[in-house]
Number of protein chains: 2
Amino acid sequence: MIKRLGSGIYTYMPMGLKVIRKVEAIVREEMNQAGAVELLMPLVQPAELWQETGRWDKMGPELLRIKDRHGRDYAFQPTSEEVITDVVRSEIKSYRQIPLNFYHIQTKFRDERRPRFGLMRGREFTMKDAYSFDRDLEGMQKSYKIMYDAYTRIFTRFGLQFRAVAADNGAIGGTGSHEFHVIAGTGEDALVYCPSSDYAANMEAAEAIATGSRAAAGAALAKTATPKASKCEDVAAQLKIDLKTTVKTIALTSEKEVDGKVAKQYFMLLLRGDHELNEIKAGKVPGLNPYRFSTEEEIKEVYGCAPGYLGPIGTKAPVTVVADRTVALMSDFVTGANEVDFHFTGANWGRDMAEPSLVADLRNVVEGDPSPDGKGVLAIERGIEVGHVFQLGTAYSESMQATFLDENGKPAPLQMGCYGIGITRILGAAIEQNFDDKGIIWPTSLAPFELVLCPMGYDRSEMVKEETDKLYAAAQAAGIDVIVDDRGLRPGAMFADWELIGVPHRVVIGERGLKEGNLEYQGRRDAEASAVALADIVSFVKGKIQQ
Amino acid sequence: MIKRLGSGIYTYMPMGLKVIRKVEAIVREEMNQAGAVELLMPLVQPAELWQETGRWDKMGPELLRIKDRHGRDYAFQPTSEEVITDVVRSEIKSYRQIPLNFYHIQTKFRDERRPRFGLMRGREFTMKDAYSFDRDLEGMQKSYKIMYDAYTRIFTRFGLQFRAVAADNGAIGGTGSHEFHVIAGTGEDALVYCPSSDYAANMEAAEAIATGSRAAAGAALAKTATPKASKCEDVAAQLKIDLKTTVKTIALTSEKEVDGKVAKQYFMLLLRGDHELNEIKAGKVPGLNPYRFSTEEEIKEVYGCAPGYLGPIGTKAPVTVVADRTVALMSDFVTGANEVDFHFTGANWGRDMAEPSLVADLRNVVEGDPSPDGKGVLAIERGIEVGHVFQLGTAYSESMQATFLDENGKPAPLQMGCYGIGITRILGAAIEQNFDDKGIIWPTSLAPFELVLCPMGYDRSEMVKEETDKLYAAAQAAGIDVIVDDRGLRPGAMFADWELIGVPHRVVIGERGLKEGNLEYQGRRDAEASAVALADIVSFVKGKIQQ
């Protein structure tokens, strides 16, 4: 299917390219159907445009930078916001010309530090990227919805199991965003969803709800020796208690320039022992943007204790104590004593220490957490991100002065959205989702061929050759994407090759069957072959394809 | 159609991209039909491969070189000989697997010093490049012929006037080569052909034949003052003689390393006053590879005279006198006297000087020259090179050790051919060939749309809207690539736009015509519109398209 040329760089061999072309055709049809207009923007883009939006400096070494023979700077496009905004600012003058949505299907390059997972995280890849332009937020959200619906149709037509999840907007800003994932156990991303409602978000964005109320304090506070137990797991094991009754502490530092000087602020984040910090959520705590983990020196200086034994009891200003929502509802819990090799048991808010300065959602959700929409509990599965829709707003149009004249003749910045599909990544994701020990199992819409004809003795039997040729022509006439294997291999080797490639439908043409008027059909997922009458075979296969 | 982003870098706007896609579809169909197999090779290619063939060093700044984040070197492909040879050397083991022909349609970058003529000499462009692999010279020539024929079909289907011409093989080596040119008065290249035979070559390769025999000397040799006349044109004007009786001299130097020392050889090339030196042909004179024009110092030292007055009389070893074939047959001619401000008249070979050391084809042919095949005289027209087929031989397979096992189990280097079509350049060339003062005149097969419907009052007249919508659906159903102009412009502005874009067929739908059952049809080259019955219009237009 593909052949590695260099790190993260692949040649698409004929079979792989056929799949890519089928992906592209479906994407193109649905994009056109949704009113988007195709153009083709260049790969090599002048640095000046990237400097206008600041991305030339903001993007690190992932942006592949090129110097031409005259020493001028260019970027190999990772996406094309700058170029499309440049096109549009010279083409769109009036509100009468919008809404507009332009897309292209074009090669991208992202100089990943460690390209891995083959096509999943390659460096050179093909992406469909679309950009919508509207007069106001409402229009932009309408364009966004049109794309969201088009993506749903596209992934449905691919025949892949997928899930759209709400995503965090990240550093790009903007007001809304969804990712489209192909479900696969090997996926890089954790997807959170509620089986009894339509709630779905990626792990970064999924909200952790704490329900119920805090129980009254039942135990007395006691300082307990926990030698060499700097982790909650070790503490729970030593004290023979449930990990869920422990609280762990994460010390963070936020450095900000104030009046030309660097000022440091310290934060103590508290999570239940079995929970994981969600770093995106931490960045949304007031005062914690930006943040980093505190250094050992800072911890010793601020808390008077080595890391591993910190806790909220005795911790005071200037440290801000931020409790995760779950922790804020705990009572009789175990937490560090701010003294090496010691923890407190029976700790209680209000009694043993002040209520936390802030309560926030700090953790990753786990299976069984209540769904934020109140309609059940959350489940988690793994996915491969293959699409992303994004409400950009006016970030690009403002920095690049892409305006239009509104009904009152006043200039206003265009409201933008952007919409990507990883064309070549679909190839990898489809395989990760659909394989068995024999090889790939392509969904019919993406298969390099829908049907393979395997004649037994194409070069030996005149009858076999004649019927194979006739069947090939008939299948083609019926619009079936068909191939004949005339290599003359033994049946076992021939079948194994096509099972490996994953062609969904196979018909074997043999003399014995022909004499009885039968051919042997087997679907890629079928355990056994079945006999089908020669006269019915094309409509039989056509029916299977249309299922 | 296109929009400039930077020097030699363009965005293809929707109409331009539609043309590109039609070009690609025709190329793809005919390549597949000819048995070639499509794959897709990457743009960013590791330097190591380019070092194997030596092209990393041989190619100058035209090769765009890239460093990734780890400082590793890459080339942005200008062509893909190295990558395909690398693919093939790991895939092809036996003579049973060949012949094979792989192609891709992919973006290229050539860092031209002065990008110009828009798409004609851009830097980023799309090319179809194919590479054939055969076991021997005969097989390779067969593959070459198959591609030559496919190219002929491709350019015929484009509906463009084109000409295939024999080309010089240039520095790449190999054994045969043809260029395919779109005929256009603005073309960069001069094409030589014989209207009464199938002889055709580009100017570099077209052979100049000298016919007849040398006339006997009729005039006496005389040294004549030609003050300040260092050019043949000036000499002829001063002496009131035909430029064709003068001979001009070009002094060349060839420097070669011999036993570690640089040895210089001097050559005096003689051309008829009205003829032009063909620098490619000069390089093929024995001893003249490589060569350069002699410096003024060298000329004064070797000939004892300033440039502008050199001539063969009195010139002797170590200078090699090389006469163009035409000059070798001249008698009673005028030539420099090796003395500033003086020429000889009545010069004759054999009598006034030795016969030339060498006689060679040194000049560009001119209109009216005899055709090398003896079947008439040559004509010249201008063209834009859009395709090139090339017999590569074993240059790449030998340097990259791409071998196969022959019938005797012995490894042999693969015989290669390479075949290019400038996909995006076709867009420019088609326009250069087909335009008038109103705009472009697309051939139907490349037009962004085959038919435009221009309703008069689409948003005012229910009847017009209804008939337009019906006609649009009927045209689509008939397989016509149709567009409706529903912008509501006045007829003049609307027609002017579509004439500028060059859509070949136009139908106007108006209330008055509809009441009489008529529509107005006009072809892009027609002087006037004609009325066509509503009921016949689709088959009428279909007929026009198929013409």
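The values are calculated or read from the model by the stated rules, or taken from the named source; none is laboratory data. In this text the structure is predicted, and so the values were computed from the model without any measurement. Glycine gets a Cβ as well: all are built from the backbone with ideal geometry, and neighbour counts include every protein chain shown. Areas reflect the complete protein model, heavy atoms only, side chains present, ligands, DNA and RNA absent. Shrake-Rupley method; radii C 1.70, N 1.55, O 1.52, S 1.80 Å.
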Residues being under 18 Å from the mean Cα position of the chain (by Cα) and open to solvent by less than 70 Å² (accessible area, probe 1.4 Å) - total across the stretch B:195-206: 7
Unmet requirement for residue A:272, which otherwise passes all of (1) in contact with an Asp or Glu (Cβ under 8 Å, 6 or more places away or on another chain); (2) over 23 Å from residue A:353 (Cβ atoms); (3) of a type in the set (D, E, K, R): (2)
So residue A:260, is it on the phi > 0 side of the Ramachandran plot and either open to solvent by 20 Å² or more (accessible area, probe 1.4 Å) or more than 36 Å from the chain's Cα centre (by Cα) (or both): yes
Qualifying residue in the stretch A:58-65 (condition: open to solvent by 30 Å² or more (accessible area, probe 1.4 Å), more than 23 Å from the chain's Cα centre (by Cα) and more than 9 Å from every other protein chain (Cβ to nearest Cβ)): no
Candidates A:462, A:450 - the one that is outside the structural domain of residue A:120 (by TED's automatic domain parsing) and open to solvent by 40 Å² or more (accessible area, probe 1.4 Å): A:462
Listing of strands (runs of 3 or more DSSP E) fully contained in the stretch A:295-375 that carry 1 or more residues being open to solvent by 50 Å² or more (accessible area, probe 1.4 Å) and either outside the structural domain of residue A:233 (by TED's automatic domain parsing) or at pLDDT 95 or above (or both): A:342-347, A:358-360
Among (1) at pLDDT below 95; (2) in a strand (DSSP E or B) - the single one residue B:171 does not satisfy: (2)
Residues that are within 11 Å of another protein chain (Cβ to nearest Cβ), touching a residue at least 12 places away in the same chain (Cβ under 8 Å) and of a type outside the set (Asp, Glu), drawn from the stretch B:101-119: B:102, B:103, B:104, B:105, B:106, B:107, B:108, B:109, B:110, B:113, B:115
The stretch B:490-518 residues that are without any contact (Cβ under 8 Å) to a residue 60 or more places away in the chain, paired with ones that are assigned to a helix (DSSP H, G or I) and hydroxyl-bearing (Ser, Thr, Tyr) (beta carbon under 8 Å, 6 or more apart): B:509/B:468
Selection status of residue A:476, under 20 Å from residue A:533 (Cα atoms), open to solvent by 20 Å² or more (accessible area, probe 1.4 Å) and among the polar types (S, T, N, Q): yes
Check on residue B:248, within 30 Å of residue B:298 (Cβ to Cβ), outside the structural domain of residue B:142 (by TED's automatic domain parsing), part of a helix (DSSP H, G or I) and open to solvent by 40 Å² or more (accessible area, probe 1.4 Å): no
Breaking point among (1) touching a Ser or Thr at 6+ places or on another chain (Cβ under 8 Å); (2) surrounded by fewer than 24 Cβ atoms within 10 Å (Cβ to Cβ), for residue A:444: (1)
Scope the stretch A:73-82; condition facing chain B (nearest Cβ under 8 Å) and out of contact with any Phe, Trp or Tyr (no Cβ under 7 Å at 6 or more places or on another chain); matching residues: A:74
Pick from the stretch A:229-245, criterion without any contact (Cβ under 8 Å) to a residue 40 or more places away in the chain and open to solvent by 50 Å² or more (accessible area, probe 1.4 Å), ranking: nearest to residue A:310 (Cα to Cα): A:234
Every residue from the stretch B:444-454 that is in a loop (DSSP other than H, G, I, E, B) and farther than 10 Å from residue B:524 by Cβ: B:445, B:446, B:448, B:449, B:450
Residues (without any contact (Cβ under 8 Å) to a residue 12 or more places away in the chain, open to solvent by less than 10 Å² (accessible area, probe 1.4 Å) and not polar (S, T, N, Q)) located in the stretch B:7-57: B:17
Among (1) of a type in the set (D, E, K, R); (2) in contact with a helix residue (DSSP H, G or I) (Cβ under 9 Å, 6 or more places away or on another chain); (3) over 19 Å from residue A:215 (Cα atoms), the one test that residue A:341 misses: (2)
Which listed residue is in contact with a helix residue (DSSP H, G or I) (Cβ under 9 Å, 6 or more places away or on another chain), closer than 22 Å to residue A:187 by Cα and not β-branched (Val, Ile, Thr), from A:387, A:417: A:387
Residue in the stretch B:215-228 that is crowded, with 19+ Cβ neighbours inside 10 Å and outside any strand (DSSP E or B) present: yes
Residue check for residue A:481: closer than 30 Å to residue A:107 by Cβ, surrounded by fewer than 18 Cβ atoms within 10 Å (Cβ to Cβ), free of Cβ contacts under 8 Å to residues at least 40 places away in the same chain and outside the structural domain of residue A:17 (by TED's automatic domain parsing): yes
Enumeration of residues in the stretch A:1-19 that are of a type in the set (A, V, I, L, M), within 7 Å of chain B (Cβ to nearest Cβ) and within 20 Å of residue A:112 (Cβ to Cβ): A:5, A:9
Of all residues in the stretch A:276-294 being outside any helix (DSSP H, G or I) and open to solvent by 50 Å² or more (accessible area, probe 1.4 Å), the one that is nearest to residue A:248 (Cα to Cα): A:276
